[in-house]
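Nothing in this text is a laboratory measurement; each read-out follows from the coordinates by a stated rule. Computed from a prediction, not measured in an experiment: that's the story for all the values here. No Cβ is skipped: glycine too gets one built from the backbone with ideal geometry, and neighbour counts run over all protein chains shown.
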Amino acid sequence: MATSLEKIQEEIRSLSTSDKEVLLRSLWEELDGPADPDVEAAWLEEARRRDSELDQGLAESVPAEEVFRRLRAPAKK
């Protein structure tokens, strides 16, 4: 078994970056299993709710640069 795995790993390393990406995505999807329709529906509803809040002025967006700046800043005690 180990020899076969080593041979597969060697073959994978010889692939182009884009082919490795396709293979990785395919394997990840296989391991992850099918999407849960309830979770997908919940995320869609959440996205719609947030969009509505932004449209109504109930929420304020923060630019990504600001979010990352805050994350990198030392924590206040």
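What the table shows:
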{"read-out": "The chain - charge dipole about Cα centre, Lys and Arg +1 at Cβ, Asp and Glu -1, debye rounded to 20", "value": "700 debye"}
{"read-out": "Estimated vicinal HN-Hα couplings, Hz - segment 53-63 in sequence order (Karplus 6.51, -1.76, 1.60; Gly, Pro = x)", "value": "4, 5, 4, 8, x, 7, 9, 10, 7, 10, x"}
{"read-out": "Cα-only radius of gyration and Dmax that characterise the chain, units Å", "value": "21.4, 61"}
{"read-out": "Set of lysines with alpha-carbon distance to residue 7 below 18 Å, sequence-local pairs under 8 removed", "value": "20"}
{"read-out": "Helix 2-13 axis, angle to the chain major axis (alpha carbon atoms, nearest 10°)", "value": "60 degrees"}
{"read-out": "Built amide H within the under 5 Å cut-off of residue 59, gap 5+", "value": "54"}
